[in-house]
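A quick write-up on the structure given underneath.
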Amino acid sequence: MYVVAANLVFPELSLTGYEPELSSNLAFTNDDIRLKPFIDSAIKNNIKIGVGALLDSNGLPKIGLIIISPLGCVDTYEKIYLHSGEEVYFSEGAHHKILTISNTKIANAICADANNEAHVQTSSELGASVYIAGVLITEGGYDSDTAVMNNYASKYNMLVAMANHNQPTGDWAPIGKSAIWTNAGLLASATETQNALVVAEKLDNGWAGQVFEL
């Protein structure tokens with residue numbers, strides 16, 4: 001997981017795990033009592049928290065990011081681009097989500113969103129200078145997926161960050177190594193096994209990165 005300004009974001013489906021066959025029984029609503037610890041923490045620490053979860057929907061549930069404000073308000077982003085096969089279990093989102101923190105516009109993304117350049121391009125056109133994706137990436141896809149994110153950071157002059165699982169979920173074995181890139185390249189990255197915060201801090205002369213092991 002990682003922090004950008006006062007924004008803490010977790011991996012894709014971090015609350016429920018990646019369990020497509022169980023999706024209809026795991027979905028959250030905005031008033032779900034299970035969100036209370038995150039709401040309390042957001043208020044106490046004066047931060048935004050984005051946690052990955054399945055979202056209740058008319059029809060199939062959606063893969064979502066539940067976004068909790070420092071005031072305890074709950075909002076959501078719904079994954080727009082699904083991986084092949086996910087359409088059997090999930091429905092697509094339709095709208096981008098841009099947050100503003102300290103005059104910095106931050107675009108949210110979930111896994112396959114970041115594999116589709118149309119998603120980051122639209123985010124850039126909407127004014128985002130930070131692009132954050134909660135993901136589930138295994139060893140086989142890590143190099144190619146992160147090369148794409150590195151390219152986005154350069155091409156769109158954005159800070160690009162991704163939070164990845166580092167423990168098995170469902171039938172998948174993610175590799176961890178959550179990371180952040182700027183237009184100059186890799187800013188900070190966790191290792192495969194670290195439970196860590198990968199942090200980007202906006203300074204007057206650019207971004208500084210750091211990894212805090214938990």
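The table that follows gives values for the structure above.
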quantity	calculated
Options 146, 104, 182, 169; residue that is under 15 Å from residue 14 (Cα atoms) and out of contact with any Cys (no Cβ under 9 Å at 6 or more places or on another chain)	169
Sole exception among (1) touching a Phe, Trp or Tyr at 6+ places or on another chain (Cβ under 9 Å); (2) surrounded by fewer than 17 Cβ atoms within 10 Å (Cβ to Cβ); (3) farther than 26 Å from residue 85 by Cα for residue 32, by number	(1)
Selection within the stretch 107-141 - farther than 18 Å from residue 82 by Cα and part of a helix (DSSP H, G or I)	124, 125, 139, 140
Complete set of residues in the stretch 190-214 that are part of a strand (DSSP E or B), touching a strand residue (DSSP E or B) at 6+ places or on another chain (Cβ under 8 Å) and surrounded by fewer than 18 Cβ atoms within 10 Å (Cβ to Cβ)	201, 202, 206, 208, 210, 211, 212, 213
Of the criteria (1) more than 18 Å from the chain's Cα centre (by Cα); (2) among the small types (Gly, Ala, Ser); (3) under 20 Å from residue 116 (Cα atoms), which one residue 147 fails	(1)
Positions within the stretch 173-196 being modelled with pLDDT of 95 or more and among the hydrophobic types (A, V, I, L, M, F, W, C), in sequence order	173, 175, 179, 180, 181, 184, 186, 187, 188, 190
Those residues of the stretch 19-35 which are closer than 13 Å to residue 63 by Cα and hydrophobic (A, V, I, L, M, F, W, C), in sequence order	22, 26, 27, 28
Hits in the stretch 149-189 (condition: within 24 Å of residue 126 (Cβ to Cβ), of a type in the set (A, V, I, L, M) and assigned to a strand (DSSP E or B))	159, 160, 161, 162, 163, 179, 180, 187
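Listed here are the residues, each with its yes/no results for (1) within 14 Å of residue 135 (Cα to Cα); (2) of a type in the set (A, V, I, L, M, F, W, C); (3) part of a loop (DSSP other than H, G, I, E, B).
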residue	(1), (2), (3)
18	yes, no, yes
42	no, yes, no
53	yes, yes, no
84	no, no, yes
96	no, no, yes
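The values are calculated or read from the model by the stated rules, or taken from the named source; none is laboratory data. Keep in mind that what you see is a predicted model, and the values were worked out from it rather than measured. Don't worry about glycine lacking a Cβ; one is built from the backbone with ideal geometry, like all the others, and counts go over all protein chains shown.
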